[in-house]
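Encoded as structure tokens, the structure appears first; notes follow it.
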Amino acid sequence: MHFYLSEERQMLADTASRFIADRYDIQTRHENAKRDEGFNRDTWAQFADLGLIGALLPPDVGGFSGTGEDIAVVFEKLGHGLVVEPFLASGVLGAHPIVAAGTEAQKALLEDVIAGTLLLALAHGEPDSRYETARVSTRAERSGEGWRIDGAKAVVINGDSADRLIVSARTSGDIDSEGGITLFLVDANAAGVTRRGYGTVDGGRAAEIKLVGVSVSDDAVIARPGKGFAVLEATFARGIAALAAEAFGAMEVSRNLTLDYLKTRRQFGRAIGDFQALQHRMVDMTLEIEQARSAVLLAVSTLDGDRLTRELNASAAKNLIGRVARLVAEEAIQLHGGVAMTWEYALGHYAKRLTMIDHELGDTDYHLSRYIALSQQAATA
């Protein structure tokens, strides 16, 4: 099997690479992250003009592709630059539920998402849900001709800057039941919505969101009432593929920074990269990164396949990426020494992002257990 980019994808990759290399150095990234929203709206608009947001969405909603391969191309380049703009929150996690199951009126909003003028965020996680997709205690009950939503959401990525929220709420069933979860498109500034934003350790933004008596109409329902679980699973599979590609890009930069350091740092009269023990550690790091590349390719290639294969490959990729990201971060820092953890040097920021990627959408332990459970399902199917 050959893993060559098509001409169109190569152009997309080159466009993203040039922009990030020319206009998105580590200092620019820090300045963007310090803003109240945690990113730069002007930079976000420039990304939109380049077509990077549109590449994440299919043509029938105004995008350019939306395939797993294009998601991987974009997010690998975002990982190279540690980009803090809300590609994952708005372009993947927020947009995919609407792409997959939204009404025509809801899908019309995606043109503004692609243009960078409307931000979405998926408000699903809750204070006691951990990584369990089906665990939803937020309730939505019938109220007149619409719905009343009450509950709390935790660690909503870029939730404090979103214009619309995709809110999961239980309309029937037990708290852990896969059935009975309904997705709603909610105005982030609606009466009863309270948001508390905060910075994350890796330079991003998240929010705690409370919903008290939030009223929405039937037009706000995404898919059918009680049928949101399958949409969430497919959305998170795409999110995992995006995070895996981003992690791969960040690991490549971490390795290259380390290799350059070993070639220039001198000790005992020669470059420390001449020492065989350090060469072996660099080789081990490179081999692990190449395994991560394979995991990304496998995950993105089955995003539109059957549910069991998609979920198996997503969990396998997330588990492997989490383990390799931790190894690369630790090895790169150890091979550098103390300079790696200074604010001015980029590597420490890559290490923090790699560490936090493991905890987004399920960590290594969670996805190992999930992969085992899914494998047992596949064996008995």
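The values are calculated or read from the model by the stated rules, or taken from the named source; none is laboratory data. It should be emphasised that the depicted structure is a prediction, and the values quoted were computed from it without experimental measurement. Note: ideal-geometry Cβ built from the backbone for every residue, glycine included; neighbour counts use all protein chains shown.
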- ASP202: more than 23 Å from the chain's Cα centre (by Cα) and charged (D, E, K, R), yes or no? no
- Message: LEU165 - would you say it is out of contact with any Ser or Thr (no Cβ under 9 Å at 6 or more places or on another chain) and under 20 Å from ARG224 (Cβ atoms)?
- Response: yes
- Message: Against the conditions (1) closer than 26 Å to PHE47 by Cβ; (2) crowded, with 18+ Cβ neighbours inside 10 Å; (3) in contact with an Asp or Glu (Cβ under 6 Å, 6 or more places away or on another chain), where does LEU118 fall short? Just the number, please.
- Response: (2)
- Take LEU232 and decide whether it is under 25 Å from PRO97 (Cβ atoms), among the aliphatic types (A, V, I, L, M) and out of contact with any Pro (no Cβ under 7 Å at 6 or more places or on another chain). yes
- Query: If we scan segment 331-342, do we find a residue that is closer than 26 Å to ASP70 by Cβ and crowded, with 19+ Cβ neighbours inside 10 Å?
  - Reply: no
- In segment 49-89, which residues are of a type in the set (A, V, I, L, M), free of Cβ contacts under 8 Å to residues at least 60 places away in the same chain and out of contact with any Gly (no Cβ under 6 Å at 6 or more places or on another chain)? LEU50, LEU52, ALA55, VAL61
- Taking segment 267-297 and keeping residues more than 28 Å from LEU320 (Cα to Cα) and either in a helix (DSSP H, G or I) or touching a helix residue (DSSP H, G or I) at 6+ places or on another chain (Cβ under 7 Å) (or both) leaves ALA271, ILE272, ASP274
- Just one of (1) modelled with pLDDT of 95 or more; (2) within 21 Å of LEU88 (Cβ to Cβ) trips up ARG148, so point out which. (2)
- Note on the structure: Considering segment 249-285, residues that are surrounded by fewer than 16 Cβ atoms within 10 Å (Cβ to Cβ) and basic (Lys, Arg), and then whichever is farthest from VAL328 (Cα to Cα), we arrive at ARG270
- Query: With ALA95, ALA89, ALA48, ALA105 as the choices, which residue is surrounded by fewer than 21 Cβ atoms within 10 Å (Cβ to Cβ), within 18 Å of the chain's Cα centre (by Cα) and modelled with pLDDT of 95 or more?
  - Reply: ALA48
- Restricting to segment 192-250, what's the tally of residues that are among the β-branched types (Val, Ile, Thr) and under 15 Å from GLU360 (Cα atoms)? 4
- Item | Cβ pairs under 6 Å, 6+ apart, first in segment 329-344 and in the same structural domain as HIS280 (by TED's automatic domain parsing), second assigned to a loop (DSSP other than H, G, I, E, B) | VAL339/TYR345
- Query: If we scan segment 225-244, do we find a residue that is more than 30 Å from THR309 (Cβ to Cβ) and either of a type outside the set (Phe, Trp, Tyr) or in the same structural domain as LEU52 (by TED's automatic domain parsing) (or both)?
  - Reply: no
- Note on the structure: Checked pairs for segment 363-380, first surrounded by 12 or more Cβ atoms within 10 Å (Cβ to Cβ), second among the charged types (D, E, K, R), C-beta under 7 Å and 6 or more apart or across chains, list as THR364/ARG323; THR364/ASP358; HIS367/LYS318; LEU374/GLU311
- Could you grab me the full set of residues in segment 122-164 that are over 30 Å from TYR371 (Cβ atoms) and either assigned to a loop (DSSP other than H, G, I, E, B) or under 16 Å from the mean Cα position of the chain (by Cα) (or both)? GLY144, GLU145, ASP160, SER161, ALA162, ASP163
